[in-house]
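Take a look at the structure set out below.
The values are calculated or read from the model by the stated rules, or taken from the named source; none is laboratory data. Predicted model only: the values in this text are computed from it and were never measured. Glycine gets a Cβ as well: all are built from the backbone with ideal geometry, and neighbour counts include every protein chain shown.
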Amino acid sequence: MGQPLLVFNDKGIYCAKADVYLDPWKPVDKAIISHGHADHSRWGNKHYIMHHDTIPIAKHRLGDIHVSGVEYGESFSVNGVKFSLHPAGHVIGSAMIRVEHQGEVWVFSGDYKTEADGVSSAYEPVECHTFITECTFGLPAFKWKPQDQVMQEINEWWKKNREDGRTSVLFAYALGKAQRVMKQLDTSNGDIYTHGAIENLTEVLRPMIDLPETTRITRDTKKNDIKGNIVIAPPSAHGTTWIRKMVPYVTASASGWMTFRGTRRRRAIDQGFVLSDHCDWDGLLYAIRESRCEKVICTHGYSDIFSRYLTEIGYDGRTAETQYETNDGI
């Protein structure tokens, strides 16, 4: 039996027949990138291939790179191996990478979610023989409410804080989560203010997404201007001197990790909203069923537990080590 179509080595996920890496964590000559988050799109590769919508994000983060863009469903060949990108639903431009050679098909999911969010292109199942899946939230305890329900909770929280004369500070990942939240905010409650890290990426994404008006917080921004409005900030801003300008304020986090109350307490967050850009347990199982695959390779997250469960229900479940992160913003 020959070498598998894709292997995991010290640089990333490697297709030897094409001499191409998928989301490498060390610099390589040619890299196909699933999306723009820092753990999947890293500096130093000689040539990048990614979805057109990911290019502005990658250039914002990585500078002047040599990059080619492709559309969803557009096939391209490298040394006789056929590749294509398909909507992963994770963040704008995110893609699952389909790899085909001599009738054998693998799919690398990158990061993905199956619920449409109104910002990223909605997830589309791709059939394959082997599916490489993340397991960030690969436990039965993780079960998401519909986005509309969570956003209603966030808008009601903001409205109540405004009535109490407090500013609402919502921590959300700067790429994806922040724009997903601001897209669904009820601006009849007030105005949306942003931390510079959030605003920088929002400016990159505005040409691709219809987003509400936001105001960057600067040194000149007055406390009374912010009061009662909502501020979207990255998790790293929590506990810094920057947040003092918001006093009196109430904090919240939008993250899948808010499933566990202990996480909120440990991080000194007043309110937790369970909103993730990754699949919950049911979403992971749905994606695997829809792929019609036989073998599943589980990567970052609860990979051991999830792979064992897959084996119990009849799949060839395995694990592989990667350098991708398992955080969901906070």
Matching residues in the range 287-317 - criterion: being free of Cβ contacts under 8 Å to residues at least 40 places away in the same chain and surrounded by fewer than 16 Cβ atoms within 10 Å (Cβ to Cβ): Arg289, Asp304, Arg308, Thr311, Glu312, Ile313, Gly314, Asp316
Residue list for the range 14-58, filter: assigned to a loop (DSSP other than H, G, I, E, B) and in contact with a Pro (Cβ under 6 Å, 6 or more places away or on another chain): Gly44, Asn45
Every residue from the range 275-286 that is surrounded by fewer than 21 Cβ atoms within 10 Å (Cβ to Cβ) and under 30 Å from Met182 (Cβ atoms): Trp281, Asp282, Tyr286
Close pairs (7 angstrom Cβ cut-off, 6 or more residues apart or separate chains): without any contact (Cβ under 8 Å) to a residue 40 or more places away in the chain in the range 129-147, buried (at least 24 other Cβ atoms within 10 Å of the Cβ) anywhere: none
Subset tally (residues that are in contact with a Phe, Trp or Tyr (Cβ under 9 Å, 6 or more places away or on another chain) and either at pLDDT below 95 or closer than 19 Å to His52 by Cβ (or both)) for the range 78-89: 7
Verdict on Ile243 being at pLDDT 95 or above and assigned to a helix (DSSP H, G or I): no
Members of the range 31-86 found to be of a type in the set (Lys, Arg) and crowded, with 17+ Cβ neighbours inside 10 Å, listed by number: Arg42, Arg61
Subset of the range 155-175 (residues that are in contact with a Pro (Cβ under 9 Å, 6 or more places away or on another chain), of a type outside the set (Gly, Ala, Ser) and more than 17 Å from Ala254 (Cα to Cα)): Asp164, Arg166
Residue within the range 208-228 that is small (Gly, Ala, Ser) and free of Cβ contacts under 8 Å to residues at least 40 places away in the same chain present: no
Qualifying strands (runs of 3 or more DSSP E) (wholly inside the range 113-227; at least 2 residues being more than 30 Å from Leu284 (Cα to Cα) and not aromatic (Phe, Trp, Tyr)): 167-171, 192-194
Residue among Gly118, Gly176 that alone is on the phi > 0 side of the Ramachandran plot, outside the structural domain of Met258 (by TED's automatic domain parsing) and under 17 Å from the mean Cα position of the chain (by Cα): Gly118
Number of the condition not met by Gly89 [criteria: (1) in contact (Cβ under 8 Å) with a residue 40 or more places away in the chain; (2) closer than 22 Å to Thr136 by Cβ; (3) small (Gly, Ala, Ser)]: (1)
Residues of the range 278-321 satisfying the condition of being of a type outside the set (Lys, Arg), more than 21 Å from Lys113 (Cβ to Cβ) and assigned to a helix (DSSP H, G or I): Asp304, Thr311, Glu312
Cβ pairs under 6 Å, 6+ apart, first in the range 45-61 and assigned by TED's automatic domain parsing to the domain that holds Lys30, second outside any strand (DSSP E or B) and polar (S, T, N, Q): Ala58/Ser41
Extreme residue, farthest from the chain's Cα centre (by Cα), among residues of the range 224-240 that are at pLDDT 95 or above and among the β-branched types (Val, Ile, Thr): Ile226
